Amino acid sequence: QVQLVQSGGGLVQPGGSLRLSCAASGNILSRFAMGWYRQAPGKQRELVATITSGGTTNYADSVKGRFTISRDNAKNTVYLQMNSLKPEDTAVYYCSAGRALLSSRYMGDYWGQGTQVTVSS
């Protein structure tokens with residue numbers, strides 16, 4: 001059973017930065033694709049960024065150039081560095097792990113507990 005435990009998030013002013021972490025149980029990063037999704041109130045869950053087991057990354061157009069997904073295999077942890085945050089980035093962010101390439105259609109097999117990110121002055 002894969003468990004994903006998230007940390008980070010909180011309240012930040014527009015233009016600020018936050019880093020989210022997702023610690024995975026077991027040595028899964030070398031075998032699973034990992035990703036971050038978010039869901040704002042009244043909206044569907046959407047893809048933010050993904051990283052394959054081989055290290056290839058993919059980003060939603062809305063976050064390109066501002067967010068960076070990375071992983072530390074030794075720590076079994078995936079990160080989402082979020083810079084130049086905007087109010088529209090406000091959402092609950094979820095870490096995901098899947099056995100195949102993650103996308104808007106296939107969002108993974110395992111989920112973290114979610115963490116609130118609020119961008120407001």
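The values are calculated or read from the model by the stated rules, or taken from the named source; none is laboratory data. All values reported here derive from a predicted model rather than from experimental measurement. Methodologically, a virtual Cβ is constructed for each residue, glycine included, from the backbone with ideal geometry; neighbour enumeration extends over all protein chains shown. Protein only, heavy atoms only, side chains kept; ligands, DNA and RNA dropped before computing areas. Shrake-Rupley method; radii C 1.70, N 1.55, O 1.52, S 1.80 Å.
For the chain, a simple Cβ point-charge model (Lys and Arg +1, Asp and Glu -1, everything else neutral) yields a dipole of about 120 debye relative to the Cα centre.
Amide hydrogen proximity for Phe67: with H placed 1.01 Å from N in the peptide plane, the residues at 5 or more positions away or on another chain lying under 5 Å are Asn83. Taking Thr56, Thr68, Thr77 as the candidate residues, the one with maximal mean-square fluctuation in a Gaussian network model of the chain, Cα springs under 10 Å, is Thr56.
Net charge near Cys22, counting Lys/Arg +1 and Asp/Glu -1 over other residues with Cβ under 12 Å of its Cβ? Once positives and negatives cancel, what remains is +2. Result for the chain in a Gaussian network model with C-alpha springs under 10 Å: among Ala23, Ala91, Ala60, the largest mean-square fluctuation is at Ala60.
Tell me, which longest segment in the chain has none of the trypsin sites (Lys or Arg not before Pro) that fall in DSSP loops with at most 12 further Cβ atoms within 10 Å? Could the numbers behind the result be given before it?
Details: sites that count: Arg31, Lys43, Lys64, Arg105.
With a cap of 12 other Cβ atoms within 10 Å, the longest stretch comes to 65-104.
Contact order for the chain, expressed relative to its length and based on alpha carbon pairs under 8 Å spaced 6+ residues apart, stands at 36 percent.
What is the Å³ per residue value for the convex hull set by the Cα atoms of the chain?
Hull volume over Cα atoms, normalised by residue count, gives 91 Å³.
Residue-wise HN-Hα couplings along the range 20-34, as the Karplus relation 6.51 cos²θ - 1.76 cosθ + 1.60 with θ = phi - 60° gives them from phi, are 9, 10, 9, 8, 9, 6, x, 8, 9, 5, 7, 10, 10, 7, 10 Hz; Gly and Pro carry x.
Working from Cα pairs under 8 Å separated by at least six residues, relative contact order for the range 13-58 is 29 percent. Straight-line reach from Lys64: taking Cα to Cα under 17 Å and skipping same-chain neighbours fewer than 8 places apart, the aspartates and glutamates in range are Glu46, Glu88, Asp89. Rolling a 1.4 Å probe across the protein heavy atoms gives the chain an accessible surface of 51 Å² per residue. Neighbours of Arg99 by Cβ distance under 12 Å: Lys/Arg scored +1, Asp/Glu scored -1, total 0. Only protein atoms count toward the accessible area here, which uses a 1.4 Å probe; on the chain, the carbon and sulfur part of that area reaches 46 percent.
The C-alpha radius of gyration of the range 1-60, expressed as a fraction of 2.2 N^0.38 Å, stands at 1.29.
Shape call for the range 67-111 from the C-alpha gyration tensor, a ≥ b ≥ c root eigenvalues: rounded (a/c under 1.5), prolate (a/b greater than b/c) or oblate? Oblate shape, in that a/c is at least 1.5 and b/c is the bigger or equal ratio.
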